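Input: a single structure, listed below in C-alpha cells.
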2 protein chains.
Amino acid sequence: MNRLAMTAMLLCTPVFSWGGLTQTTVSDGPEYTDGNNLVLPADYREWMFLGSGLGMTYDPAEGVQSTAPQLFTNVFVNPSSYSGFMDTGRWPDRTVFILEFRNSDGEASINRAGRFQTNLVGLEAEVKDSRFPDGWAYFNFGEDGVAPPLTGNVVASCIECHTEHTAVERTFVQFYPTLLEVAREKGTLKPGF
Amino acid sequence: MNRLAMTAMLLCTPVFSWGGLTQTTVSDGPEYTDGNNLVLPADYREWMFLGSGLGMTYDPAEGVQSTAPQLFTNVFVNPSSYSGFMDTGRWPDRTVFILEFRNSDGEASINRAGRFQTNLVGLEAEVKDSRFPDGWAYFNFGEDGVAPPLTGNVVASCIECHTEHTAVERTFVQFYPTLLEVAREKGTLKPGF
C-alpha cells in the first residue's frame, strides 16, 4: 500500500446519522473554491491538537517490510468542532481534521535516543460536511494548498476503513486519548470500543 | 538518570536578557498558589501544540540500555505567548510550557506498526516569569495539579541543560519545527542553530 492510500486510511469513518441533534454551522469550518475543492486552513497549527503517532500503518506487510523513514502524524481539528465534541461526544457538521506528516530525526542536537519531529512532508484532510452525498470527504493537499475531494477507488478505501475501524463516527478517536475519554463518558463509542 | 531528571532536562534554558523589549503581562499566564506553587492550567490541552517526541532522551546510556516502554512527549504553550513568539521569535514574560508524557501502544485496533499515544503518565512545566530570581522555573506536577518550583541539584541540572543546549532562550525550539522556522526568520536562534 502506498503512503497516500495508507494515510488516506489514517484519516478516512460510515455515514453517520445525527438523529435528532441540531447541526450548527461553524465559523472555522471548511472553505471551498471552484466547487468542492478544499482550501488548506492557514491557521490549522493553531487548531486543537488531538494526538500524534510515529510510523503508524494499518497494513501488516508494510509494517514488517518498510525501510522508509518513520513519519510522525499530527492531527488537528477546528476549535468550534472540538468544543462541540467535548459537549456531545459527536462531531458537528462542517468539522475539519487536518493530518500533518512530518519527518523525524533521532541523534541530533542533544537528543541521543528516540525521535522528534522535523520538516513537513504531507498534509491531508477529512471533512464532515452535509454538502457531500456521503456526508464526509477526504483530501490530499499538494503544494498549492487546495485539494479536490478524493474519488473512485481511493475514496472507497477511505470510506471502508473509516466505516469498519473507527471508534466514533468516521474518526479514529481510539488514537486521540483525550477524546476517547470524552466519547466513553458521552456514550458515543461504537460497540467494541 | 531517572525520568524526572531527564524530563526536567527536556523542558528546562540561560537567564535571558530582554534588552529593550517591553514585557507585557499575559492573561493566560501562570497562576500560583501559596507563594510560587504553580497551578496546572485546566485547559492546557487547548493551548498551542509545539511538537511531539517519542522515547526522547538526552542521556546516551539511557538510550542504549533502557527497557522501559517508550513515552510520547507533547509540548503546549499558552496562546498569548505563542502569539508573541510568532511576532518576535522571543518568549514574553509569563510564558508557560506544559510537557505532557503519555504511554504508547503499537499493535492495537487497526494499527499494525509504529506507535500511537495512550494514557497520561506525567506532567511538567517550564515557566518564564520575572518573579523568579533566575527568570525561569521548572515544575513537576503530582496528582493534585499543583507543583512547587524545582530547587537544588535538580533545578541546577535543568538550568545547565537549558542554558547549553537550547536553540532559543531556555527552550528547545530545535524540536518544535514550526517555531524553528520563525526563530530563524526573526534571527533569534543561538549560534550553532
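A few points about this structure:
- The stretch between A:Asn36 and A:Glu107, if pulled fully straight at 0.36 nm per residue, gains 21.3 nm over its current Cα-Cα span.
- The trypsin sites (Lys or Arg not before Pro) of the stretch B:93-167 meeting both criteria, a DSSP state outside H, G, I, E and B (loop) and at most 16 other C-beta atoms within 10 angstrom of the site's C-beta, are B:Arg131.
- The stretch A:45-153: relative contact order as a whole-number percent, Cα under 8 Å and 6+ apart: 18 percent
- Residue exposure sequence - B:Asp34, B:Asp87, B:Asp59 - by fewest surrounding Cβ within 10 Å: B:Asp34, B:Asp87, B:Asp59
- Cα centroid separation - the stretch B:137-193 against the stretch A:94-133, whole Å: 23 Å
- Neighbour net charge for B:Tyr82 - beta-carbon separation under 15 angstrom, K R +1, D E -1: -4
- Under the combined filter of DSSP loop state and at most 14 neighbouring Cβ atoms within 10 Å, the stretch A:83-184 retains these GluC sites (Glu not before Pro): A:Glu107, A:Glu143.
- Nearby lysines by direct alpha-carbon distance to A:Lys186 (threshold 28 angstrom, same-chain neighbours under 8 apart not counted): A:Lys128
Read-outs throughout are calculated quantities, based only on the coordinates presented, and are distinct from any laboratory measurement. Note that the structure is a prediction, hence the values are computed from the model and not measured. Heads up, the Cβs are rebuilt from the backbone with ideal geometry, glycines too, and the neighbour counts pull from every protein chain shown.
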